[in-house]
Amino acid sequence: MTERQDVPAEPPVDCSLCPRLVAYRLENAEKHPDWFNGAVPSFGDPQASILVVGLAPGVSGANKTGRPFTGDWAGDLLYATLDKFGLSSGAYDARPDDGLALHDAMITNAVRCVPPANKPVGAEINTCRPFLQARIDALPRLKVLLCLGKIAHDSTVRGLGLKLKDHPFGHESEYTLPNGLTLLSSYHCSRYNTNTRRLTPEMFESVFARARALSA
Ligand code: URA
């Protein structure tokens, strides 16, 4: 796969495409000038065969640290699971300088800037999608798209030019795509989903076991 000519896989940190998200970033930057407060770049192995697609940075997690899921509640389970499946080395310590490295995996977000109340609106998801498409296109060894939650799943389906009605989201839904990739999805590892046990660590591990088997 080749990188799109017009859109980079990573937006500029001060991306100005979504007015509401820019305003929120600036508000956060005023309150917390020491936080990252920008479009959070993807993190991981450029030779990844598994791309984990999250929703968007959390305000005092990835938006603060500048690394996806880092410092967010959801990151504790995600990084522990990546480690369990041999997809990382080093110890996750919720800091971008903790020395953690991903192997054969990369993490990105469907929306790169923190949205108010953790909820991007449709226009923001659409505006950020070309970066997701470019991210996918730029991974030469990609085999599995592992989407966390319906927003990431739907944006990925749309980004690949596929129909949502033919690819509905479900926990452990799996589709073999015309381009040879597999689209695998999971409930998001959010605080709400894990506290209510809609998603248990065992359920999450089962999805990663499948991703690992498909990417081998
Ligand atoms: N942090 C992220 O970077 N993405 C999510 O989807 C949730 C928390």
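The values are calculated or read from the model by the stated rules, or taken from the named source; none is laboratory data. Quick caveat, the model's predicted, so the values are computed rather than measured. Here the Cβ is made from the backbone with ideal geometry for all residues, glycine too, and neighbour counts use every protein chain on show. Protein only, heavy atoms only, side chains kept; ligands, DNA and RNA dropped before computing areas. Shrake-Rupley method; radii C 1.70, N 1.55, O 1.52, S 1.80 Å.
Odds and ends about this structure:
- For the range 162-194, the set of residues classified as open to solvent by 50 Å² or more (accessible area, probe 1.4 Å) and in contact with a Phe, Trp or Tyr (Cβ under 6 Å, 6 or more places away or on another chain) consists of 191 only.
- Top-ranked residue in the range 35-53 [being open to solvent by less than 10 Å² (accessible area, probe 1.4 Å) and of a type in the set (Gly, Ala, Ser); ranked as farthest from the ligand (Cβ to nearest atom)]: 49
- Taken together, 108, 70 contain a single residue that is within 14 Å of the ligand (Cβ to nearest atom), open to solvent by less than 10 Å² (accessible area, probe 1.4 Å), under 20 Å from residue 169 (Cα atoms) and not hydrophobic (A, V, I, L, M, F, W, C), which is 108.
- Of all residues in the range 121-144, those being within 14 Å of the chain's Cα centre (by Cα), outside any helix (DSSP H, G or I) and closer than 14 Å to residue 56 by Cβ number 0.
- Qualifying residue in the range 76-91 (condition: within 9 Å of the ligand (Cβ to nearest atom) and touching a residue at least 40 places away in the same chain (Cβ under 8 Å)): yes
- In the set (1) surrounded by 14 or more Cβ atoms within 10 Å (Cβ to Cβ); (2) over 17 Å from the mean Cα position of the chain (by Cα); (3) of a type in the set (A, V, I, L, M, F, W, C); (4) closer than 24 Å to residue 15 by Cα, the condition left unmet by residue 214 is number (4).
- A count restricted to the range 74-111 and to residues that are touching a helix residue (DSSP H, G or I) at 6+ places or on another chain (Cβ under 6 Å) and in a loop (DSSP other than H, G, I, E, B) stands at 5.
- Residue check for residue 56: of a type outside the set (Asp, Glu), within 14 Å of the chain's Cα centre (by Cα), more than 9 Å from the ligand (Cβ to nearest atom) and at pLDDT 95 or above: no
- Residue that is modelled with pLDDT of 95 or more, buried (at least 16 other Cβ atoms within 10 Å of the Cβ), more than 12 Å from residue 109 (Cα to Cα) and more than 16 Å from the ligand (Cβ to nearest atom), where the choices are 158, 141, 197: 158
- Residue in the range 11-34 that is nearest to the ligand (Cβ to nearest atom), counting only those that are in a loop (DSSP other than H, G, I, E, B) and open to solvent by 40 Å² or more (accessible area, probe 1.4 Å): 13
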